Amino acid sequence: QGVTTVTSDSWSNPQSESGKLAGVDLLSRFVNGQNTPITIVGTRDSIAIPCLKDSMATVNIPAVFLGSPAKLLQGSNLYVGLLNALFAQSAETTVTIANPFAASMSVLEMKATISVQGRAIATIDENLRSSPARANPHSTSVSPRVKTKLLISGTAIKALLDGLGSNLSVDVDSTMVAMMGEYEIPGLKYAQNGVPTVAKIESSFSQWGN
């Protein structure tokens, strides 16, 4: 009698398409800090003791898969070349990623909208497979520079000026293809408000703006 608390590891290797989609949704909710109701179901194969196999097959325990309390994006830098911004509406962004997983994490593809006070100021649509943004287990890492399309408007210009040399607070809404350990996870969704960002002005007109 009484309460027994057991800590255990779990493995996921869904084979069906519906199982894979559910796995991506679970990971998306985890990195977004959202709790997910789950059910622990027993089978006859859950235990090796013959007399307990029938009992184990009736196990059906509701549980909660807790979301990560940590923020995936710790901060970012927005590099703006004046000529690139004016003529090509281009910039570059680096982000500091905090990996909450016990496996390494790499961002292979990213589509994102960057907003300030509800108004989009930039977008990202990049394939990063040649130079992924990678973080080791439970550690932080700064990504390579990522091409960023500026949405030139009064809001965007004010945001850039406000962010010069100091933190600008931006909201990020993204969909990624990520690698967790050896497994590729397509369609991983992540949104975070209030990402501290510093805008840095660069004078040259570089090739990435063309």
Checklist entry - What are the extents of the Cα atoms of segment 1-95 along their three principal axes, listed from largest to smallest and rounded to whole Å? => result 76, 34, 19
Next on the checklist: At 7 Å along Cα-to-Cβ for each site, give me the label-to-label distance between residue 46 and residue 198 in nm.
Outcome noted: 5.2
Item to check | Residue with peak Gaussian network fluctuation, the chain [Cα springs, cutoff 10 Å], from 19, 187, 33 | outcome: 19
Checklist outcome for this item: Ignoring ligands and nucleic acids, residue 52 exposes an accessible area, probe 1.4 Å, in Å² to the nearest 10, of 70
Checklist entry - Tell me, what ³J(HN,Hα) does each residue in segment 49-57 have, in order and in whole Hz, if you take phi through Karplus 6.51 cos²θ - 1.76 cosθ + 1.60 with θ = phi - 60° and put x for Gly and Pro? => result 7, x, 5, 9, 4, 5, 5, 5, 5
Checklist outcome for this item: Residues meeting the amide H criterion for residue 104 (H placed from the backbone, H to H distance under 5 Å, 5 or more places apart or on another chain) are 181
Item to check | Built amide H within the under 5 Å cut-off of residue 200, gap 5+ | outcome: 78, 79, 80
Checklist outcome for this item: segment 18-58 -> Rg/Rh from Cα coords, Kirkwood Rh, value 1.22
Item to check | Whole-Hz ³J(HN,Hα) from phi, Karplus 6.51 cos²θ - 1.76 cosθ + 1.60, for segment 35-47, glycine and proline x | outcome: 6, 10, x, 9, 10, 8, 10, x, 9, 5, 7, 6, 9
Item to check | Label-point separation, residue 16 to residue 152 (7 Å along Cα→Cβ), nm | outcome: 5.3
Next on the checklist: Give me a comma-separated list of calculated 3J(HN,Hα) values for segment 136-153, in order, Karplus coefficients 6.51, -1.76, 1.60 applied at θ = phi - 60°, integers in Hz, x for any Gly or Pro.
Outcome noted: 6, x, 6, 9, 10, 8, 9, 6, x, 5, 10, 4, 10, 8, 7, 9, 5, 7
Checklist outcome for this item: At q = 0.11, 0.13, 0.14 Å⁻¹, the log10 of I(q)/I(0) for the chain from a Debye sum over equal Cα scatterers comes to -0.62, -0.79, -0.88
Checklist entry - If amide H atoms are built 1.01 Å from N in the plane of the peptide, which residues on other chains or at least 5 residues away come under 5 Å of the amide H of residue 109? => result 128, 177
Checklist outcome for this item: Judged on accessible area alone, 1.4 Å probe, highest first, 92, 17, 202, 184 line up as 17, 184, 202, 92
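The values are calculated or read from the model by the stated rules, or taken from the named source; none is laboratory data. Everything numeric here is computed off the predicted structure, so don't read it as measured data. All Cβ positions, even for glycine, are placed from backbone atoms using ideal geometry, and neighbour counts span all protein chains on display. When the accessible area is computed, the model is the full protein with side chains, heavy atoms only, and any ligands, DNA or RNA have been set aside. Shrake-Rupley method; radii C 1.70, N 1.55, O 1.52, S 1.80 Å.
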